[in-house]
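Peer 1: Can you keep this structure in mind? I'll have questions shortly.
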Amino acid sequence: HGGQIRAHSEGPGRGSQFVASLPLCKGPAPDAPKSKPMRRGQARPMRVMVVDDHVDAAQTLAMLIASEGHVCRVAHAPTQALEQLAQETADALVLDIGLPEMDGRELARRLRARPDTAQSLVVALSGYARPQDRQAALDAGFDHYLIKPVDSLQLLDLLSAHAAKLQAQGT
């Protein structure tokens, strides 16, 4: 990581002091893989909404997404998500499939029917890995279907690609 560790002691019985220093992240580490472009500082941050009834999982995912420069909101129920989207739309939505009130597939159908979210990126998160579960989600309007636990790099790559698409469209 390009940091340093220093140790100091005044001698036996006098205790020890250890100091670890790490530089601020201003780009990839010198030995970081060069194959993927940096997402930080991209020209167009997106408005992203995470909808998951598991509070900790939703907050953690939102922090990950926000760390890439996106503005991320969280809803823990579909009706809450729809209310928030009435105030401010989203460029991308990450939806759990197993939600209370209505499942993620029904929420995706409703989002696709709305003019403000019809073209948004909609990503499913699910614990179900059967082909028919994936197909049912894609049929409901999801663009991508990710299995839990989510591969964070895969999700960030999907968001990055959508942000690039929006930037190219000038939206």
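Peer 1: Restricting to segment 126-146, name every residue that is open to solvent by less than 50 Å² (accessible area, probe 1.4 Å) and over 15 Å from residue 92 (Cβ atoms).
Peer 2: Going through segment 126-146, the residues open to solvent by less than 50 Å² (accessible area, probe 1.4 Å) turn out to be 126, 133, 136-137, 140-142, 145-146.
Residues satisfying the conditions are 126, 133, 136, 137, 140.
Peer 1: OK, next. How do the helices (runs of 4 or more DSSP H) wholly within segment 85-171 filter down when requiring 2 or more residues that are within 17 Å of residue 62 (Cα to Cα): which remain?
Peer 2: Working: elements: 104-113, 131-140, 152-169.
It comes to 152-169.
Peer 1: Using the structure shown, decide if residue 58 is among the small types (Gly, Ala, Ser), open to solvent by less than 10 Å² (accessible area, probe 1.4 Å), under 18 Å from residue 158 (Cα atoms) and assigned to a loop (DSSP other than H, G, I, E, B). It would help to see each step written out before you state the result.
Peer 2: Values: among the small types (Gly, Ala, Ser): yes; open to solvent by less than 10 Å² (accessible area, probe 1.4 Å): yes; under 18 Å from residue 158 (Cα atoms): yes; assigned to a loop (DSSP other than H, G, I, E, B): no.
Answer is no for this residue.
Peer 1: Which numbered condition trips up residue 49, out of (1) closer than 19 Å to residue 149 by Cβ; (2) surrounded by 19 or more Cβ atoms within 10 Å (Cβ to Cβ)?
Peer 2: Of everything listed in (1) closer than 19 Å to residue 149 by Cβ; (2) surrounded by 19 or more Cβ atoms within 10 Å (Cβ to Cβ), residue 49 misses just condition (1).
Peer 1: Return yes or no: is residue 126 of a type in the set (Ser, Thr, Tyr) and under 15 Å from residue 46 (Cβ atoms)? Can you show your working first?
Peer 2: Numbers: of a type in the set (Ser, Thr, Tyr): yes; under 15 Å from residue 46 (Cβ atoms): no.
Answer is no for this residue.
Let's see how each residue does on (1) modelled with pLDDT of 95 or more; (2) more than 12 Å from the chain's Cα centre (by Cα):
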| position | (1), (2) |
| --- | --- |
| 61 | yes, no |
| 90 | yes, yes |
| 106 | yes, yes |
| 110 | yes, yes |
| 117 | yes, yes |
| 141 | yes, yes |
| 161 | no, yes |
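Peer 1: Another one. I need every pair where a residue in segment 88-104 that is surrounded by 22 or more Cβ atoms within 10 Å (Cβ to Cβ) has its Cβ under 6 Å from the Cβ of a residue that is polar (S, T, N, Q) and assigned to a strand (DSSP E or B), sequence separation at least 6 or different chains.
Peer 2: These pairs meet every condition: 97/126.
Peer 1: I've got another one for you. Go through 157, 116, 133 for me and flag whichever is of a type in the set (Asp, Glu) and in contact with a helix residue (DSSP H, G or I) (Cβ under 8 Å, 6 or more places away or on another chain). Please lay out each step first, then the result.
Peer 2: Details: 157 fails: in contact with a helix residue (DSSP H, G or I) (Cβ under 8 Å, 6 or more places away or on another chain); 133 fails: in contact with a helix residue (DSSP H, G or I) (Cβ under 8 Å, 6 or more places away or on another chain).
The conditions single out 116.
Peer 1: Further, regarding this structure: Return the residue satisfying two criteria in turn: it lies in segment 65-86 and is among the hydrophobic types (A, V, I, L, M, F, W, C) and touching a helix residue (DSSP H, G or I) at 6+ places or on another chain (Cβ under 6 Å), and of such residues it is least open to solvent (accessible area, probe 1.4 Å).
Peer 2: In the first step, residues of segment 65-86 are kept if they are among the hydrophobic types (A, V, I, L, M, F, W, C); the result is 65-66, 71-72, 74-75, 77, 81-82, 85-86.
Next cut, touching a helix residue (DSSP H, G or I) at 6+ places or on another chain (Cβ under 6 Å) only: 72, 74-75.
Working: 72: 33, 74: 28, 75: 0 Å².
Checking each candidate, the answer is 75.
The values are calculated or read from the model by the stated rules, or taken from the named source; none is laboratory data. Since this is a predicted model, take the numbers as computed values, not measurements. Here the Cβ is made from the backbone with ideal geometry for all residues, glycine too, and neighbour counts use every protein chain on show. Ligands, DNA and RNA are excluded from the accessible area calculation, which covers all protein heavy atoms including side chains. Shrake-Rupley method; radii C 1.70, N 1.55, O 1.52, S 1.80 Å.
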